[in-house]
Amino acid sequence: MRRGWMVVAAFALALASPVRAQPIPAAVISDPAPDPAHPPHQTQLLVPSAGLGMNGLFMLAGGAGPHPTMILFHGFPGNEQNLDLAQAARRAGWNVLTLHYGGAWGSPGVFTLQHVIEDAKAAETFVEDPANAARYGIDRRRIVLAGHSMGGFAAAAAARDDATLAGVILIDAWNIGSDAADFARLSGKARAVAAGQAFDDLGNSLAGTSPKAIADEIVARGKDWDVLTWAPRLTRIPMLVVGAEKAGGKDNHAIAQAVARAGGHVTDVTLPTDHPFSDHRIALEALIVTWLDALPKP
């Protein structure tokens, strides 16, 4: 098993270099052969959480199922959903569930970071439910949680105490707890100004919150939300950590190192790009599809 993870890591390093020494998976750059009997399709649905229904889109893979399934959590506030990655994973044979947390992008409720954690766990519960697995062709033995930025934080939070998952993927994850000290130094108007500068892309996307409310929540819960302290609880399932050198690369490398030191199996990669992986989209997709394909099969 260790050798398998080393191969994936080597592939990732090759992708980060100007000359790609490894082939890009076909699913990243080409459509699969049609399967008229079991074509790929997608369905809109409501994912229940705290008595409300989160708006979701389930991209279902072609071919006879059941299929391994990835839940892909978006970041803050969700302008970027990484749907190109979702499509690549589906072409590789994975179902992919995407969703909007409560209070985000039309999903009912009030948005808070605590609700994001709860909503992520609710989404995991949804795909693990036997009735839903039968309805959507989900292989319950092969469920992976993945997330970008805040979504990476959500994926890690949901995966902390679940050894039944097949894996977890952090994509330049936001370690929310690490920001608590900076905001705690400020109060009142100063904190509101700093929060407005840090969270300047809310637009009309999140209901019932504000930059200042987000900052206050981070200060109040920061010690509990430091992903580094979760490391011992993230060692029982394979983990892929992909950092962005021009954004959260150092923080993500620290998370990977902490989990590895605690005894976890971690593939740790930093790509030379920005937070949305603007000029490394193909590299990101190739890395993740290859890692998914290398996961142990039941």
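The values are calculated or read from the model by the stated rules, or taken from the named source; none is laboratory data. Model, not experiment: these values are computed from the prediction. Glycine also receives a Cβ, built like all others from the backbone with ideal geometry; neighbour counts cover every protein chain displayed.
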Take residues that are closer than 27 Å to L284 by Cα and in contact with a Leu (Cβ under 7 Å, 6 or more places away or on another chain) and tell me which of the helices (runs of 4 or more DSSP H) falling wholly in the range 37-140 contain 2 or more.
83-91, 113-128
Is it the case that some residue within the range 57-73 is closer than 26 Å to A207 by Cα, in contact (Cβ under 8 Å) with a residue 24 or more places away in the chain, of a type in the set (G, A, S) and in contact with a strand residue (DSSP E or B) (Cβ under 6 Å, 6 or more places away or on another chain)?
no
Of everything in the range 238-248, what is surrounded by 20 or more Cβ atoms within 10 Å (Cβ to Cβ) and over 14 Å from F153 (Cα atoms)? Give them in sequence order.
P238, A244
Check the range 224-240 and report whether any residue there is in contact with a strand residue (DSSP E or B) (Cβ under 6 Å, 6 or more places away or on another chain) and assigned to a loop (DSSP other than H, G, I, E, B).
yes
Among the residues of the range 249-274, how many are surrounded by fewer than 17 Cβ atoms within 10 Å (Cβ to Cβ), of a type outside the set (S, T, N, Q) and without any contact (Cβ under 8 Å) to a residue 60 or more places away in the chain?
6
If I filter the range 268-283 for residues that are closer than 24 Å to D161 by Cβ, in a helix (DSSP H, G or I) and under 17 Å from the mean Cα position of the chain (by Cα), do I get at least one hit?
no
G208 meets each of (1) in contact with a helix residue (DSSP H, G or I) (Cβ under 9 Å, 6 or more places away or on another chain); (2) within 17 Å of D119 (Cα to Cα); (3) not basic (K, R) with one exception, condition (1)
Qualifying position, being modelled with pLDDT of 95 or more, under 22 Å from A158 (Cβ atoms) and among the aliphatic types (A, V, I, L, M), among V259, V219
V259
Of the residues that make up the range 261-276, is at least one within 23 Å of G102 (Cβ to Cβ) and out of contact with any helix residue (DSSP H, G or I) (no Cβ under 8 Å at 6 or more places or on another chain)?
no
Filtering the range 133-149 down to residues that are buried (at least 22 other Cβ atoms within 10 Å of the Cβ) and in contact with a His (Cβ under 9 Å, 6 or more places away or on another chain), which residue is farthest from L165 (Cα to Cα)?
S149
